[in-house]
Each structure stands twice: as structure tokens, then as C-alpha cells.
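*Asks:* Here's a structure for you.
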């Protein structure tokens, strides 16, 4: 939390000053608090205190903003309101947050506050000493993301931890995930240092899973998903996928189609397919044609032989959830919440 606290300190130092406006002390979230927030901060204006739930982010993107709003569906006007603090908030993301009524501060002095009697909106400032985007630890680089995904989607994770992939030999982990033996130990050490893995009676256990799912999702969207791109295609009709039967040994539905199958809530407009091998059969059967603006996205599967598909021909709900957030499309956010509540809650907070 030192990094987050430092960003908050710099942002408050750079925040606009007005008569009667006082910024309180940042209070990091405790272990028992809602892990959807990083801390709390009170802002006083002319004797009236306003409580904020704080999210601290070093890099904003559309999907992350949607994710933060999905985690705080009552904001605004429910208290505490959401306050986003970052090292730099550009004009596009400032406009997104302002439009949704979300307060923000950054280390360059950009800010949006809408309090009774006070309306502040400052954008376009550049930091005099721009902070470089920190490189995440090994656990959230592509190899680490593959391993974390295998651990979080492991059917033995809580059923029988002794059989869980995280407690197997490094050679077995390599066979099941494709992660190099030499990287596995460093990734697990990194997870331990970050508070996500503890050792109890010689067994590794994954803890603080809600925060881990958040970090995995954010970094998957930024760091691994782009590497898996296998091209975009256009189809002749919108519902073509209904007549296609995928061979789960070769391809799996992701994104909106998988979410629709799980929840029955969404009418897919974008189609995502994860291919374990070449997808020429699918391209021919569905009469897909290459189109950089097409509504069909093919992605290379990134997992090994460990069984991740939880629902026949669909990828695991964790990946469906990430796909929906990555889309940045408003209509997918409610479905993402339904996937989380219906399928990921038991992973994040096991009985």
C-alpha cells in the first residue's frame, strides 16, 4: 500500500485549494474491509464532511473505470461516494468520470469534485515529473497471469487443497500450465510477497482472492489478452453462432456468447472465440472473412492441459468476466456483475 499512499499524498498536495476546502488523511483499507476499495478519505467543505471510498490506480483504461463503477453500483448519490486517485488522468478518462459523477484527483492537479456549494472541474494539466507506469511483479506478467488463472480456476482449489495445482511439483505445474519451471518459484514468491499466497501446514493457500481477481483481470486485459489476438472477422449474420457447434478440444466460446449461455441475460452482438489450435474449420463453417473492424474476435487459448472450461463449450467464468470488462461496452457491465455474483463469488469467498 506504500505506492498507493504515495500517489494519494502527491495528488492531495497538487489538488486545487479553495477557501473552506480541506482534504483529510487517507486511511488504507483494513484486512476486514471491502477489498473493492483501497481506502477512505474525508473531504470537508465549509464545515461539512463528505466521505469517499477511494480507488488508487496508476493506469486507467475504459474497462477499469467500468469495473470500478460496477463495484460501486449505488454511486452517486449513496455514501460514501467513489473517489478515483491516479498519477495522471487524461482528458478522455476525466470526461468519462465527470459524466458519471465520479470524483477524481491526480498528481498533476487535475480534479473533479461536486459537493454542495462547490463544483470543481480541472483537466488537461500535465505532471511536471510524470510517473512512469510501474512494471507489475512477475505474478502479473504474461507467464504469471497464466499460472494465477490456473490456480483460481482449479476445481481442487477448495475441494481438496492437497490436490490443487498450486501444491504440485514445479514440473507438474509446468506440464499443466506451460509456464517454465524456472519462473514458477519466482511467481509464487511474488504472490506470497503481495499477500496472495500463504503457507499453512506445508500447503500453499490462495487468500485475499477478491483483490487477486481484480488484479488478474486488470492485468489480463492490459498484458496478456493483446498477445493472444488471432485476428478479427466479420460474419454474414448476427446470430450465426447459434448454428455453430464448437469442438471443445479445439475452440471455446468466450465473451458475450459465453455470458449469454451462462446467464440468459445478454443478446450477443460481439463474438469471442478462444482457439486451442488453428481455427480454419470454424472460419470455413461460419463463412467468416477477415475484417479488422469485424464483430468476431479470435484469441489463442493461453492455458495448458488443465481443465478450465466450466460449462461445456465455454471458457471459465473468470475469463468470460474479463472479456466483458475488456469490451468497455455499457450493456456488458450488468452481465459482468451477474457472472461475478453467480459464478465467481464462490471462488472469491468460499464457504
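Only the coordinates and a few stated rules stand behind these numbers; no lab work does. A quick note: this is a predicted structure, and the numbers were derived from the prediction, not measured. Note: ideal-geometry Cβ built from the backbone for every residue, glycine included; neighbour counts use all protein chains shown.
*Asks:* Would you mind telling me which residue in 112, 149, 26 has the biggest mean-square fluctuation in a Gaussian network model of the chain, where springs connect alpha carbons within a distance under 10 angstrom?
*Replies:* 26
*Asks:* Choose one answer from 69, 284, 224: the residue with the largest mean-square fluctuation in a GNM of the chain with alpha-carbon springs under 10 Å.
*Replies:* Evaluated over the chain, the most mobile residue of the options is 284.
*Asks:* Could I ask something else about it? Output the relative contact order of the stretch 138-222, whole-number percent, from Cα pairs under 8 angstrom with separation of 6+ residues. Let's see the in-between values first.
*Replies:* On the way: 85 pairs, mean separation 26.9, N = 85.
The normalised contact order for the stretch 138-222 reaches 32 percent.
*Asks:* A further question on this structure: Over the Cα atoms of the chain, compute the convex hull volume and normalise it per residue, giving Å³.
*Replies:* Working: hull volume 52.0 nm³, N = 351.
Given the Cα convex hull of the chain, per-residue volume reads 148 Å³.
*Asks:* Over the chain, calculate the relative contact order: mean separation of alpha carbon pairs under 8 Å at least 6 apart, over the residue count, as a percent.
*Replies:* Averaging sequence separation for qualifying contacts and normalising by length gives 14 percent for the chain.
*Asks:* Calculate how many DSSP beta bridges within the stretch 233-351 are antiparallel, expressed in % of all such bridges and rounded to the nearest 5. Walk me through the intermediate numbers first.
*Replies:* On the way: 8 of 14 bridges.
Counting DSSP beta bridges with both partners in the stretch 233-351, the antiparallel share is about 55 percent.
*Asks:* At a temperature of 37 °C and a viscosity of 0.692 mPa s, determine how fast the stretch 138-222 diffuses translationally according to Stokes-Einstein, using the Kirkwood radius over alpha-carbon pairs as Rh; express D in µm²/s, rounded to the nearest whole number.
*Replies:* Details: Rh = 12.7 Å.
Rounded to a whole number, D works out at 259 µm²/s.
*Asks:* Can you sort 154, 201 by how many other beta carbons sit within 10 Å, fewest first? Intermediate values should be presented prior to the final figure.
*Replies:* Numbers: 154 24, 201 7.
Ordered from fewest to most neighbouring Cβ atoms within 10 Å, 154, 201 come out as 201, 154.
*Asks:* A follow-up question, please. Please sort 5-12, 141-148, 233-240, 341-348 by packing, taking for each peptide the average over its residues of neighbouring beta carbons within 10 angstrom, highest first. All intermediate terms of the calculation are to be shown ahead of the outcome.
*Replies:* Working: 5-12: 18.9, 141-148: 22.4, 233-240: 13.8, 341-348: 15.6.
Final packing ranking: 141-148, 5-12, 341-348, 233-240.
*Asks:* Taking just the C-alpha trace of the stretch 226-348, give me its Rg and Dmax in Å.
*Replies:* Both quantities, over Cα of the stretch 226-348: 13.6, 40 Å.
*Asks:* To the nearest 500 deg cm²/dmol, what mean residue ellipticity at 222 nm is calculated for the chain from DSSP H runs of n ≥ 4 alone, each contributing -39,500 (n - 2.57), summed and divided by the residues? The partial results should precede the final answer.
*Replies:* Details: 12 runs with 115 residues, N = 351.
Taken over the chain, the calculation gives -9500 deg cm²/dmol.
*Asks:* Over the residues of the stretch 101-250, compute the C-alpha Rg and express it relative to 2.2 N^0.38 Å. Kindly include the intermediate steps, with their values, before the conclusion.
*Replies:* On the way: Rg = 21.4 Å, N = 150, 2.2 N^0.38 = 14.8 Å.
For the stretch 101-250, the normalised Cα radius of gyration comes out at 1.45.
*Asks:* Which of these, 19, 268, 116, has the largest mean-square fluctuation under a Gaussian network model of the chain (Cα springs below 10 Å)?
*Replies:* Comparing 19, 268, 116 in a Gaussian network model of the chain, the most mobile one is 19.
*Asks:* In what order do 3, 215 fall by count of nearby beta-carbon atoms within 10 Å, going from fewest to most? Before the final figure, lay out each step's value.
*Replies:* Numbers: 3 12, 215 19.
The fewest-first ordering by Cβ neighbours comes to 3, 215.
*Asks:* Within a 10 angstrom radius of the beta carbon, how do 334, 278, 4, 349 rank from fewest other beta carbons to most? Could the numbers behind the result be given before it?
*Replies:* Values: 334 15, 278 12, 4 19, 349 9.
Fewest-to-most ranking of 334, 278, 4, 349: 349, 278, 334, 4.
*Asks:* Using only the alpha-carbon atoms of the stretch 2-122 as identical scatterers, what base-10 log of I(q)/I(0) does the Debye formula give at q = 0.09, 0.14 Å⁻¹?
*Replies:* -0.21, -0.52
*Asks:* Next question, about the same structure. Could you tell me what percent of the DSSP beta bridges with both partners in the chain are antiparallel, to the nearest 5? Don't jump to the answer; show the numbers that get you there.
*Replies:* Working: 33 of 49 bridges.
So the antiparallel bridges in the chain amount to around 65 percent.
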